[in-house]
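The values are calculated or read from the model by the stated rules, or taken from the named source; none is laboratory data. Given the structure is predicted, the values throughout are model-derived calculations rather than measurements. When we count neighbours, we look across all protein chains shown, and the Cβ atoms used for this are built from the backbone with ideal geometry, even at glycine.
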């Protein structure tokens, strides 16, 4: 099992950042790798069990299922159902924590998944740096950081 963990500090309140990332269907609005997204069967995007079906800008297609969403903990957990990456049993959590010094946000994104052993390093880097850090960098830019 591969474990990936990425964290960052965003120069905006946790409530402001949460208002952007909370919507399970809003990836195209804040993540630079995502071209378009839709929630299957017209379910609400905050319904546990809803499936987002999205396209990457490079043409890849991914389907993910919302497993948990907490406005109290400012976190969401989801699993990948289908992906061109070649991962199985993929579960990820995005969590925000208020930083009271400067009204900033400590953001954590973690995942666990299985993949062929020879691809572990490549996929851990893709997920940690490409997906997670790429999303954090875009949020920092959106909120006036970096």
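Annotations for the structure displayed:
- Selection of the stretch 61-70 for residues being exposed (fewer than 15 other Cβ atoms within 10 Å of the Cβ) and either farther than 14 Å from residue 22 by Cα or touching a helix residue (DSSP H, G or I) at 6+ places or on another chain (Cβ under 7 Å) (or both) yields 61, 63.
- Scanning the stretch 71-91 for residues that are touching a helix residue (DSSP H, G or I) at 6+ places or on another chain (Cβ under 8 Å) and part of a strand (DSSP E or B) gives a single hit, 76.
- Those residues of the stretch 23-38 which are out of contact with any strand residue (DSSP E or B) (no Cβ under 7 Å at 6 or more places or on another chain), farther than 30 Å from residue 117 by Cβ and surrounded by 15 or more Cβ atoms within 10 Å (Cβ to Cβ), in sequence order: 23, 26, 30
- Residue list for the stretch 39-60, restricted to those being exposed (fewer than 13 other Cβ atoms within 10 Å of the Cβ) and within 26 Å of residue 140 (Cα to Cα): 57, 58, 59
- The lone exception for residue 81 - which of (1) in contact with a strand residue (DSSP E or B) (Cβ under 7 Å, 6 or more places away or on another chain); (2) surrounded by 15 or more Cβ atoms within 10 Å (Cβ to Cβ); (3) touching a residue at least 24 places away in the same chain (Cβ under 8 Å); (4) more than 17 Å from residue 2 (Cβ to Cβ) it fails: (2)
- When residues in the stretch 1-17 are screened for being outside any loop (DSSP other than H, G, I, E, B), surrounded by fewer than 18 Cβ atoms within 10 Å (Cβ to Cβ) and out of contact with any helix residue (DSSP H, G or I) (no Cβ under 9 Å at 6 or more places or on another chain), 2 of them pass.
- Tally, over the stretch 18-47, of residues that are without any contact (Cβ under 8 Å) to a residue 40 or more places away in the chain and outside any helix (DSSP H, G or I): 14
- Close contacts from the stretch 132-146, counting a first residue that is closer than 14 Å to residue 18 by Cα and a second that is at pLDDT below 90 and not in a helix (DSSP H, G or I), with Cβ to Cβ under 8 Å and a gap of 6+ residues or different chains, come to 140/146.
- Some residue of the stretch 96-108 being assigned to a strand (DSSP E or B) and loosely packed, with under 13 Cβ neighbours inside 10 Å: no
- Meets criteria (free of Cβ contacts under 8 Å to residues at least 12 places away in the same chain, under 24 Å from residue 113 (Cα atoms) and outside any helix (DSSP H, G or I)) for residue 59: yes
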